[in-house]
1. Please identify which residues in the stretch 86-102 have an amide N closer than 19 Å to a label point set 7 Å out from the Cα of Asp56, following the Cα→Cβ vector.
2. Between the helical axis of 113-133 and the dominant principal axis of the chain, each derived from Cα atoms, what acute angle in degrees is found, rounded to the nearest 10?
3. Can you compute the charge dipole magnitude of the chain about its Cα centre, using +1 on each Lys and Arg Cβ and -1 on each Asp and Glu Cβ, nothing else charged? Give it in debye, rounded to the nearest 20.
4. What FRET efficiency comes out for the pair Asn48/Asn4, r = Cβ-Cβ distance, R0 = 30 Å, nearest 0.05?
5. Could you tell me how far the Cα centroid of the stretch 12-34 sits from the Cα centroid of the stretch 68-108, in Å?
6. What are the radius of gyration and Dmax of the stretch 6-89, computed over its Cα atoms and given in Å?
7. If you project the alpha carbons of the stretch 51-122 onto the principal axes, what extent comes out on each, in Å, largest first?
8. Stretch Val71-Asn33 to full length: gain in nm at 0.36 nm per residue minus the Cα-Cα span?
Amino acid sequence: MLSNNTNFQLITPLKLMLSKDVFMAVLPGQEGNLGIMFKHTPLLTLLNRGIVELYDESNKLIDSIIVDGGVAEVTETSVVILSERAENFNDLNKHHLEEKLLNSEKQVNHQDKDISSLASKQSDFYKFVLEKVN
């Protein structure tokens, strides 16, 4: 029997965060959510900061990942997302996120502009994630 699943991969600069076969992936596109299933028309699109939802064959939500925007490449058999930052809802720990936020905020006023800019982006992302957790 042939599978009607799509291979989903989420990649950040630090690691391959997730790789699994899914029935459907819902992505936070710049002009609204995109539902991607097996044999979808190939495309390359930018993503907004938001939640990627992954579903199984019975339309049960199996994973939710918060991404900080990014790029998605869709083929007939796969979805690959490249994102600077991402947090899986299944792995979220509010205390750990608050620590990450505090550490980022400490670097926002760093004299090195690159460090300051990165810290500001990370801080904004962790605030967004904490809002979704609450």
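1. 89-91, by backbone N distance to the label point.
2. In the chain, helix 113-133 runs at an angle near 60 degrees to the longest axis.
3. Once rounded to the nearest 20, the dipole reads 140 debye.
4. 0.60
5. About 11 Å separates the Cα centre of the stretch 68-108 from the one of the stretch 12-34.
6. Cα only, the stretch 6-89: 11.3, 32 Å (Rg, Dmax).
7. Principal-axis extents of the stretch 51-122 (Cα, largest first): 50, 29, 11 Å.
8. Extra length from Val71 to Asn33 when fully extended: 12.3 nm.
Bear in mind these aren't lab numbers, they're just calculated from the coordinates by the rules spelled out. Since the structure is predicted, the reported quantities are computational estimates derived from the model, not experimental observations. Here Cβ is always computed from backbone atoms with ideal geometry, including for glycine, and neighbour counts include all displayed protein chains.
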